[in-house]
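Please read the structure below before turning to the comments.
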Amino acid sequence: MPFDILTEVFKNLEPVDLLVLLRTCRFLRTMLLNRPVASLIWKNAFFSAQPPPPPCPDDLTLPQYANVLYGNCHYCDTSDGLHNAWLCYMRVCDDCLAENFVEICTDRRAGQDLYNVVPSYTKKGQYGPWQDVIMCPRVEYHLKSQQLLKSSRSKKAYNEFVSRESDKLSQQRERSKALYEWEVEVERFKKEDFEARHRARRDAFSQRISDLGEGYEMVFNRLISKGAESEVPGLSGVDPFTSDDWESVRPKVVEALQSWQQTFKEQDRTQLISHRTNLLRPVYDYYISHHRTEQLFAPPYLQVAGMDPFRALIYDTSSDEQLTQSDFLAHLDIFPHLIKAWREEVIEFLLRLLGVEIPNDVGSSKAKGKGKEHLFDSSVLEKASTIFKCSWCLKLILYPAVLSHRCLIFQPNSGTSPNRRWNETGNEVQVHEGASRYAKVIIRALGQDPDTVTWKQLEEGGQRLECIRCRHKVSRKCKNKHNCLVMNWRQAVRPPLF
């Protein structure tokens, strides 16, 4: 290629491009380092650089300045993990920084003087400024140290040397401040350029999505608003989005959007059910506040939401229809029947866990038609020796606390409905046989019959037990001869479990 054409082409390049060309072959290197020929080329390159760098220092040529601003590691020529040591006019990688730089301790007078005469770089600490390390090139460190040592024979010569070198370095520090500001500007420019190019690609991608249909476009816009661009195949990147790119990723995009469409549909359904359930909650709380005697045996509001007629309102009403609390207040008189039915269902389940034989027609419409509330005796649940265990937290629970135990109500379920039934999986509460045996032993020690006494009777009796094993002698000054552990019946069964 003719020399004149090369010159005209080079005038449209930036310094980083010229720096790359300079390393390609000997001919271009000779050409770009020839001051009479390449001076105008380098000036035009710096003029067109974005963002524009600070003016070139007087002690550097334009190619040297370009190498300082855009070059690789000063020692090993790598481009990974570079530190910009502007005051030293170099860029250094992590390994070379540790090998070719030494730390300057400014705690002493000699270290402070050395810091004033040697170009240095402050390595930022990982956790804060208190971990910052001041470092300088090893060669400069030893050179300036020897010069300081020679001039230290005369105090006047020493001070003059430090003052002269400090003045030179202070000018260099002022220029390095502009370089640090330019470094911040470069990062901002790169970020804005990346965002602009990515935005252009996303707009072209969005146009292709809109051609698929309104449903796909809504799903795509929803993913973008949630910051989930990575879930759309082919959307990431900053290169222009072409027709060939679209044809290659279209099947994957359609499949991903269909999957997310179903996911969003389930999320919207869950959110709608939660909103309507929250309308039921104050109505149910209002009823319970006026019927405190039923609170201990009442189901949680999440359970009520799954019982008719509230289930029909919450689950079966069209999503386009707006419900209010008045729709739930209209069924206020149904709460007593729901509470009664739920309580009988739970009691039946707990009795079956205890091995109590229950007729098959219990709870059927035929049994209810006879005017009987239930055909089983639930008094066994209130016995002090009847102890249940939560499968989630392994806590021991008595009746009726087992009806409102948090784990059995608020543990997340695997379905899309946010409303969870009590003991939904059917195996979340069990009878603790070991604790029941311990309780019977303790009850007999209290002089009570474990087959008939209830936990309420033991609480009202206020009886205490003494642990014989825990007795141990104390000092003579103590009034009691033995230090005794006294417990109520719950603590005696097993203190950590209640």
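The values are calculated or read from the model by the stated rules, or taken from the named source; none is laboratory data. These numbers come from a predicted model, not from an experiment. As a convention, Cβ positions derive from the backbone with ideal geometry for all residues, glycine included, and neighbour counts pool all protein chains shown. Ligands, DNA and RNA are excluded from the accessible area calculation, which covers all protein heavy atoms including side chains. Shrake-Rupley method; radii C 1.70, N 1.55, O 1.52, S 1.80 Å.
In table form, for the structure just shown:
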| quantity | calculated |
| --- | --- |
| Centroid-to-centroid separation of region 232-255 and region 105-161 [C-alpha atoms, Å] | 56 Å |
| Cα-centred dipole magnitude for the chain, charges only on beta-carbon of K, R (+1) and D, E (-1), debye, nearest 20 | 3280 debye |
| Heavy-atom accessible surface of the chain: percent carbon and sulfur, 1.4 Å | 50 percent |
| Percentage, to the nearest whole number, of Cα pairs in the chain over 41 Å apart | 60 percent |
| Heavy-atom surface of the chain, accessible at 1.4 Å and reported per residue (Å²) | 61 Å² |
| Proximal aspartates and glutamates relative to Lys168, as straight alpha-carbon distance under 18 Å, when same-chain residues fewer than 8 apart are discounted | Asp58, Asp59, Asp113, Glu140, Glu160 |
| Approximate shape of region 74-149 as ellipsoid semi-axes (Cα gyration tensor, √5λ), whole Å, largest first | 21, 16, 9 |
| Tensor-based shape of region 159-306 (alpha-carbon gyration tensor, a/c under 1.5 rounded, otherwise prolate or oblate) | oblate |
| Probe 1.4 Å, all protein chains present, accessible-area order of Thr61, Thr324, largest first | Thr324, Thr61 |
| Contact order relative to length of region 59-181, as percent, for alpha carbon pairs under 8 angstrom and 6 or more apart | 20 percent |
